[in-house]
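Worksheet for the structure shown next.
The values are calculated or read from the model by the stated rules, or taken from the named source; none is laboratory data. It should be emphasised that the depicted structure is a prediction, and the values quoted were computed from it without experimental measurement. Every residue, glycine among them, receives a Cβ derived from its backbone with ideal geometry; neighbour counts consider all protein chains shown. Ligands, DNA and RNA are excluded from the accessible area calculation, which covers all protein heavy atoms including side chains. Shrake-Rupley method; radii C 1.70, N 1.55, O 1.52, S 1.80 Å.
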Amino acid sequence: MPVRGVSPSRLVDNFNEIHSGHRHEALDIMAARGTPVVAVDEGNVVKLFNSKRGGLTVYQFNDTRIWCFYYAHLDRYAEGLKEGTLLRRGDILGYVGSSGNASPDAPHLHFTIFKLGPEKHWWQGTAVDPYPLLTANRP
Ligand SMILES: [Zn+2]
(Lines give C-alpha, C1' and ligand atoms only; values in the text may rest on other atoms or scores of the structure.)
Protein backbone atom coordinates (compact mmCIF):
# COMPACT_ATOMS: atom_id res chain seq x y z
CA MET A 1 0.00 0.00 0.00
CA PRO A 2 1.61 3.27 -1.11
CA VAL A 3 -0.06 5.47 1.52
CA ARG A 4 0.72 4.73 5.12
CA GLY A 5 -2.25 3.84 7.30
CA VAL A 6 -4.74 3.32 4.47
CA SER A 7 -6.55 0.01 4.60
CA PRO A 8 -7.28 -1.75 1.28
CA SER A 9 -10.99 -1.78 2.14
CA ARG A 10 -11.01 2.02 1.85
CA LEU A 11 -9.84 1.99 -1.76
CA VAL A 12 -12.24 2.76 -4.59
CA ASP A 13 -11.31 1.48 -8.04
CA ASN A 14 -11.35 4.62 -10.20
CA PHE A 15 -8.85 3.42 -12.82
CA ASN A 16 -11.39 3.43 -15.65
CA GLU A 17 -13.16 6.68 -14.78
CA ILE A 18 -13.08 9.46 -17.35
CA HIS A 19 -11.36 12.53 -15.90
CA SER A 20 -11.46 15.67 -18.04
CA GLY A 21 -11.85 13.67 -21.24
CA HIS A 22 -9.19 11.04 -20.52
CA ARG A 23 -9.37 7.61 -19.02
CA HIS A 24 -7.91 8.06 -15.56
CA GLU A 25 -5.65 4.95 -15.65
CA ALA A 26 -4.60 5.37 -12.05
CA LEU A 27 -5.85 4.89 -8.55
CA ASP A 28 -6.61 7.95 -6.42
CA ILE A 29 -5.99 7.25 -2.76
CA MET A 30 -7.53 9.92 -0.55
CA ALA A 31 -5.57 10.81 2.58
CA ALA A 32 -4.78 13.79 4.77
CA ARG A 33 -2.14 16.19 3.50
CA GLY A 34 1.26 15.18 4.83
CA THR A 35 0.51 11.46 5.17
CA PRO A 36 3.66 9.50 4.25
CA VAL A 37 3.78 7.99 0.76
CA VAL A 38 5.87 4.82 0.75
CA ALA A 39 7.48 2.65 -1.90
CA VAL A 40 5.36 -0.35 -2.86
CA ASP A 41 8.38 -2.43 -3.86
CA GLU A 42 12.16 -2.31 -3.96
CA GLY A 43 13.80 -0.34 -6.74
CA ASN A 44 15.52 2.86 -7.76
CA VAL A 45 14.00 6.29 -8.22
CA VAL A 46 14.41 6.93 -11.93
CA LYS A 47 12.88 10.36 -12.28
CA LEU A 48 11.68 13.20 -10.09
CA PHE A 49 9.43 15.33 -12.24
CA ASN A 50 7.29 18.40 -11.66
CA SER A 51 4.47 18.39 -14.21
CA LYS A 52 1.51 20.68 -14.73
CA ARG A 53 -1.05 17.92 -14.17
CA GLY A 54 0.76 15.52 -11.86
CA GLY A 55 2.55 18.15 -9.78
CA LEU A 56 5.46 16.71 -7.82
CA THR A 57 5.91 13.16 -9.01
CA VAL A 58 8.18 10.17 -8.48
CA TYR A 59 8.88 7.47 -11.05
CA GLN A 60 10.37 4.34 -9.50
CA PHE A 61 11.38 1.19 -11.39
CA ASN A 62 11.28 -2.18 -9.66
CA ASP A 63 14.50 -4.17 -9.45
CA THR A 64 13.82 -6.18 -12.59
CA ARG A 65 12.89 -2.99 -14.52
CA ILE A 66 9.65 -4.51 -15.72
CA TRP A 67 7.43 -2.14 -13.77
CA CYS A 68 7.43 1.59 -13.12
CA PHE A 69 5.56 2.91 -10.10
CA TYR A 70 4.22 6.43 -10.47
CA TYR A 71 3.35 8.58 -7.45
CA ALA A 72 1.80 12.02 -8.13
CA HIS A 73 0.36 15.18 -6.52
CA LEU A 74 2.94 15.00 -3.72
CA ASP A 75 3.09 17.82 -1.19
CA ARG A 76 6.86 17.42 -0.99
CA TYR A 77 9.55 14.80 -1.41
CA ALA A 78 11.17 12.91 1.45
CA GLU A 79 14.32 14.63 2.61
CA GLY A 80 17.34 13.61 0.55
CA LEU A 81 15.34 11.82 -2.15
CA LYS A 82 17.21 11.92 -5.46
CA GLU A 83 17.13 10.29 -8.85
CA GLY A 84 18.96 6.99 -8.30
CA THR A 85 17.95 6.58 -4.66
CA LEU A 86 17.30 2.92 -3.90
CA LEU A 87 14.00 2.53 -2.09
CA ARG A 88 12.96 -0.57 -0.25
CA ARG A 89 9.35 -1.49 0.23
CA GLY A 90 7.88 0.81 2.88
CA ASP A 91 10.51 3.55 2.58
CA ILE A 92 9.03 7.05 2.63
CA LEU A 93 9.47 8.86 -0.67
CA GLY A 94 7.19 11.84 -0.10
CA TYR A 95 4.00 13.12 1.45
CA VAL A 96 0.40 13.28 0.23
CA GLY A 97 -0.59 16.64 -1.22
CA SER A 98 -2.48 18.31 -4.03
CA SER A 99 0.27 19.62 -6.31
CA GLY A 100 -0.50 19.77 -10.04
CA ASN A 101 -4.15 19.72 -11.01
CA ALA A 102 -5.51 18.11 -7.84
CA SER A 103 -8.09 20.03 -5.84
CA PRO A 104 -6.52 21.66 -2.76
CA ASP A 105 -9.58 20.49 -0.81
CA ALA A 106 -9.01 16.85 -1.67
CA PRO A 107 -5.38 15.88 -1.21
CA HIS A 108 -4.67 12.40 -2.50
CA LEU A 109 -2.04 10.18 -4.01
CA HIS A 110 -2.50 9.51 -7.71
CA PHE A 111 -0.82 6.13 -8.10
CA THR A 112 -0.34 3.87 -11.05
CA ILE A 113 1.84 1.05 -12.29
CA PHE A 114 3.28 1.12 -15.81
CA LYS A 115 4.50 -1.98 -17.57
CA LEU A 116 7.68 -0.75 -19.23
CA GLY A 117 8.45 -1.28 -22.89
CA PRO A 118 11.75 -2.76 -24.13
CA GLU A 119 13.42 0.68 -24.11
CA LYS A 120 12.73 1.07 -20.36
CA HIS A 121 11.71 4.68 -20.74
CA TRP A 122 10.14 6.13 -17.60
CA TRP A 123 7.76 8.20 -19.74
CA GLN A 124 6.53 5.23 -21.82
CA GLY A 125 4.56 2.35 -20.50
CA THR A 126 1.21 0.63 -20.37
CA ALA A 127 -0.81 1.52 -17.30
CA VAL A 128 -1.96 -1.39 -15.16
CA ASP A 129 -4.72 -1.01 -12.58
CA PRO A 130 -3.10 -1.25 -9.12
CA TYR A 131 -6.44 -1.87 -7.41
CA PRO A 132 -6.60 -5.68 -7.76
CA LEU A 133 -2.97 -5.95 -6.64
CA LEU A 134 -3.44 -3.77 -3.57
CA THR A 135 -6.62 -5.46 -2.45
CA ALA A 136 -5.74 -9.12 -3.07
CA ASN A 137 -4.60 -11.40 -0.24
CA ARG A 138 -3.53 -8.64 2.09
CA PRO A 139 -3.28 -9.44 5.79
ZN1 LIG B 1 -5.81 10.68 -10.19
### Query
Can you list the equivalent-ellipsoid semi-axes of region 10-91, largest first and in whole Å, using the square root of 5 times each Cα gyration tensor eigenvalue?
22, 15, 13
### Task
Using a 1.4 angstrom probe on heavy atoms only, work out the carbon and sulfur share of the accessible area of the chain in %.
51
### Message
Quick check for you: with a 1.4 Å probe and neighbouring chains kept, what is the accessible area per residue of the chain, in Å²?
### Response
53
### Query
Val3's amide H: which non-local residues (gap 5+, or another chain) put their own amide H closer than 5 Å, with H modeled 1.01 Å from N in plane and none for Pro or chain starts?
Val38
### Dimensions in Å of the chain - Rg and Dmax from alpha carbons
13.7, 39
### Message
Looking at the chain as a GNM with Cα springs under 10 Å, which of Pro107, Pro36, Pro118 has the largest mean-square fluctuation?
### Response
Pro118
### Task
Sort the following peptides by mean Cβ neighbour count (other Cβ atoms within 10 Å, averaged over residues), highest first: 61-69, 121-129, 82-90.
61-69, 121-129, 82-90
